[in-house]
Amino acid sequence: MTEQDFAVPLEAPRYYEPDPSYRERSWIGDYRAAYQKYLEDPGEFWRTRAAEIEWFEPFDRIMDWDFPYAKWFLSGKLNITHNCLDRHVRDGRANKVAVFWRGEEGEEKVYTYSQLLRAVCRFANALKKIGVRKGDRVCIYMPVVPEQIVAMLACARIGAVHSVVFGGFGVGALNQRIRDSGSKVVVTADVSMRRGKAIQLKSIVEEAVVNAPSVEAVVVLRRDRPKVELHSEMELDFDELMENEPAVCEPEVMDAEDPLFLLYTSGTTGTPKGIIHTCGGYAVGTQYTTKYVLDLKEDDVYWCTADPGWITGHSYVVYGPLLNGSTVFVTETTPDYPDPGIWWKIIQNYGITVFYTAPTAIRMFMRVGEQWSDRYDLSSLRILASVGEPLNPEAFEWFYRHIGKDRCPIVDTWWQTETGMHMITTMVGEPMRPGFAGRPIPGVVVDVVDRDGNPVEPGNGGYLVLLEPWPAMLRTVYKNDERYRKYWTTINRVYTATDLAVKGHDGNIMVIGRADDLIIVAGHNIGTAEVESALVSHDAVAEAAVIGIPDPVKGNQIKAFVILIEGHAGSDRLKADLRYHVRMTVGPIAMPSEIEFVDSLPKTRSGKIMRRVLRAKELGMDLGDVSTLED
Ligand code: WTA
């Protein structure tokens, strides 16, 4: 996408005003005053935020900034699981529900805070027993089951670095992530459930650990009956491993700057980036934003529909809500199984109060119509939230009206895997402008600039940048610091989010979309290079280029242009074969919805494929500047 791809909306802004009681009861109170207070003394602001978690040893400095490297809460010692679990058990939340889980067929599991603590300690001891030590990487490739959360927290308990890989990735993508992280253990399940069908995860893992010499053990949660066999020497049963372990495990004392996890995100090359987050800054950032942006209160029942395999699941299913001692609802359910009323039925039956989802889901529900949501009582809802891609005004209005019943504020949160925490939003109680994410939260300084870093005038578009370091920021890209430095050196020593945005006259920011070759399909980031290299690895393919084309529900869909190797004929059969190949290599989320066989691809003189040209042609747009185009 380029700046020319969007037009600045000229019509007079329309605002939605939430009931004043929202602001009065919110943690943030007056947004402007809170932001001003941050600007007056950033150090004091973050010191106060950091005081909301417990430190084994206090930090002696808030932040060190040695461009482009930041360290936060220096010398502070903590364990995030002590903050997520032990302190709540101690302080009166022992029997409060931490996690409600519901499976596709309505089966349930409930963990109170004390039960979750015991499970985490048992699994932490089990991991130790099989040789996992502080600093070792553990790959978690699981469906959305409570054991996925247990596994993540167990790693954090002992200081192992988890690398959660979304259960929808295929063999190639998983293998690449296991190898890059050098994971010692892979935690998985036999199956995940999707629309009544069991998807075999273990067989994907079996293939993905071939040529991954770092892997010493594969721990398998066996859900299916009769239980699948564990064949290889390496495979161990999840429950049996835990069974005889003590339910007490002292939390490892972690330095604030020790790594907590790495999470791969697609980049513009075929290799995904292992984004590194650390213990202290991430804990402070997610505790703060969950409390102040999602405005969670003691008796909320909170549901974020993200999979813990993505950053939203890390920050706002697992760590943020548990840090705040909240009750979290999680489910393996797809939004339309057994019918498109299921989510609304869940909201009614569990009394969900804060509901956090993605624009792609909202648009899907818009399409099937409000007759599904109208059947259920949604009066428990207090706050709605959105993440992952721009919440277009039509989707905003539908969500506001049919789900929030013209009553609940919508918190549209802009952030990234790299930022770890929310950055831009409209705080609860503030007037909402559909199409605009909002303003920076206190603690965050943003701007929209041109290529040279000059701020654009209000009403104009440009690149979204972050001007100040923040506690939950990525510290580096695993084994690839050069790629980390690029975030800060592309434009004028500020953090480039690689998103295009418009600065409104009222200070609100509208995020338009990616400025690079990432395609966001149904909220999932897909790197064009990853899909292209999967296509090229097929015997019939010489060259491939993929682009995103607009889709009314998923935001984008993938279209592939493919040059075949001499002797191969383009047929529907081959198209199906290529789609299947991408599905197996990268995963179902990356499957092109359309494939076109071509004889050549537009390239620059230096041989780079000009996806912009393909896209412009596909969408019938002006080609823009093609002076570098060779053919
Ligand atoms: C996009 C997800 C508009 C954006 C938390 C960003 C959004 C990328 C929004 C990061 C939003 C996320 N409005 N666009 N509210 N939230 N994005 O790393 O392009 O999976 O750069 O993190 O999603 O995706 P990621």
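The values are calculated or read from the model by the stated rules, or taken from the named source; none is laboratory data. The model shown is predicted, which means the values in this text are computed figures rather than measured ones. Cβ sites come from the backbone with ideal geometry, for glycine too, and all protein chains shown count toward neighbours.
Where helices (runs of 4 or more DSSP H) fall entirely within segment 132-230, those with at least 1 residues that are modelled with pLDDT of 95 or more and farther than 24 Å from C84 by Cα are at 171-181, 202-208.
Candidates are the residues of segment 461-519 that are more than 17 Å from P390 (Cβ to Cβ) and of a type in the set (S, T, Y); the one that is surrounded by the fewest Cβ atoms within 10 Å (Cβ to Cβ) is T489.
Pick out the one residue from P409, P442, P469, P393 that is in contact with a Pro (Cβ under 6 Å, 6 or more places away or on another chain) and at pLDDT 95 or above. Steps first, please.
Details: P442 fails: in contact with a Pro (Cβ under 6 Å, 6 or more places away or on another chain); P469 fails: in contact with a Pro (Cβ under 6 Å, 6 or more places away or on another chain); P393 fails: at pLDDT 95 or above.
On inspection, the qualifying residue turns out to be P409.
What tally of residues in segment 506-519 results from selecting those that are more than 8 Å from the ligand (Cβ to nearest atom), of a type outside the set (V, I, T) and either free of Cβ contacts under 8 Å to residues at least 60 places away in the same chain or outside any loop (DSSP other than H, G, I, E, B) (or both)? So the answer is 1. For segment 290-305, indicate whether the set of residues that are aromatic (F, W, Y) and within 26 Å of D64 (Cα to Cα) is non-empty. Taking every residue of segment 290-305 in turn, at least one turns out to be aromatic (F, W, Y) and within 26 Å of D64 (Cα to Cα).
So for segment 552-568 (the condition being small (G, A, S), touching a residue at least 60 places away in the same chain (Cβ under 8 Å) and assigned to a helix (DSSP H, G or I)), does at least one residue qualify? If you could, list the steps in order and put the result at the bottom.
Going through segment 552-568, the residues small (G, A, S) turn out to be 555, 560, 567.
Add one more test, that the residue is touching a residue at least 60 places away in the same chain (Cβ under 8 Å), and what stays is 555.
Still in the running and assigned to a helix (DSSP H, G or I): none.
No, segment 552-568 contains no residue that is small (G, A, S), touching a residue at least 60 places away in the same chain (Cβ under 8 Å) and assigned to a helix (DSSP H, G or I).
Filtering segment 566-613 to residues that are aliphatic (A, V, I, L, M) and within 19 Å of G548 (Cβ to Cβ) leaves L578, V582, V586, I589, A590, M591, I595, V598, L601, I609, M610, V613. If we scan segment 276-289, do we find a residue that is in contact (Cβ under 8 Å) with a residue 40 or more places away in the chain, closer than 16 Å to T419 by Cβ, of a type in the set (A, V, I, L, M, F, W, C) and buried (at least 24 other Cβ atoms within 10 Å of the Cβ)? Checked segment 276-289: at least one residue is in contact (Cβ under 8 Å) with a residue 40 or more places away in the chain, closer than 16 Å to T419 by Cβ, of a type in the set (A, V, I, L, M, F, W, C) and buried (at least 24 other Cβ atoms within 10 Å of the Cβ).
Would a scan of segment 520-537 turn up a residue that is away from the ligand (no atom under 12 Å from the Cβ), of a type in the set (V, I, T), in the same structural domain as N460 (by TED's automatic domain parsing) and part of a helix (DSSP H, G or I)? No, because not a single residue in segment 520-537 is away from the ligand (no atom under 12 Å from the Cβ), of a type in the set (V, I, T), in the same structural domain as N460 (by TED's automatic domain parsing) and part of a helix (DSSP H, G or I).
Residue count for segment 463-495 under the criterion of being within 15 Å of the ligand (Cβ to nearest atom) and touching a helix residue (DSSP H, G or I) at 6+ places or on another chain (Cβ under 6 Å): the result is 3.
For segment 589-607, does any single residue satisfy the condition of being in a helix (DSSP H, G or I), in contact with a strand residue (DSSP E or B) (Cβ under 6 Å, 6 or more places away or on another chain) and in contact (Cβ under 8 Å) with a residue 40 or more places away in the chain?
Yes: one or more hits.
Of the residues making up segment 43-96, those that are over 27 Å from G325 (Cβ atoms) and surrounded by 16 or more Cβ atoms within 10 Å (Cβ to Cβ) number 3. Which residue is surrounded by the fewest Cβ atoms within 10 Å (Cβ to Cβ), if the candidates are limited to segment 242-260 and must be within 10 Å of L78 (Cα to Cα) and aliphatic (A, V, I, L, M)? Here the residue is V253. Comparison of V411, V368, V428, V446 shows that the only residue that is away from the ligand (no atom under 16 Å from the Cβ) and at negative phi is V368.
Considering segment 337-367, the residues that are part of a loop (DSSP other than H, G, I, E, B) and of a type outside the set (D, E, K, R) include one that is nearest to the chain's Cα centre (by Cα), namely A358.
Going by the conditions given, is I547 farther than 30 Å from R32 by Cβ, surrounded by 22 or more Cβ atoms within 10 Å (Cβ to Cβ), away from the ligand (no atom under 15 Å from the Cβ) and of a type outside the set (G, A, S)? It is true that I547 is farther than 30 Å from R32 by Cβ, surrounded by 22 or more Cβ atoms within 10 Å (Cβ to Cβ), away from the ligand (no atom under 15 Å from the Cβ) and of a type outside the set (G, A, S).
From E370, E389, which residue is touching a His at 6+ places or on another chain (Cβ under 6 Å) and part of a loop (DSSP other than H, G, I, E, B)?
Values: E389 fails: touching a His at 6+ places or on another chain (Cβ under 6 Å).
One residue alone meets the criteria, E370.
The set of residues in segment 159-188 that are crowded, with 24+ Cβ neighbours inside 10 Å, in contact (Cβ under 8 Å) with a residue 40 or more places away in the chain and more than 19 Å from the chain's Cα centre (by Cα) comprises S183, V185, V186, V187, T188. Taken over segment 449-495, the residue count meeting the criterion of being within 23 Å of the chain's Cα centre (by Cα), hydroxyl-bearing (S, T, Y) and more than 30 Å from S183 (Cβ to Cβ) is 1.
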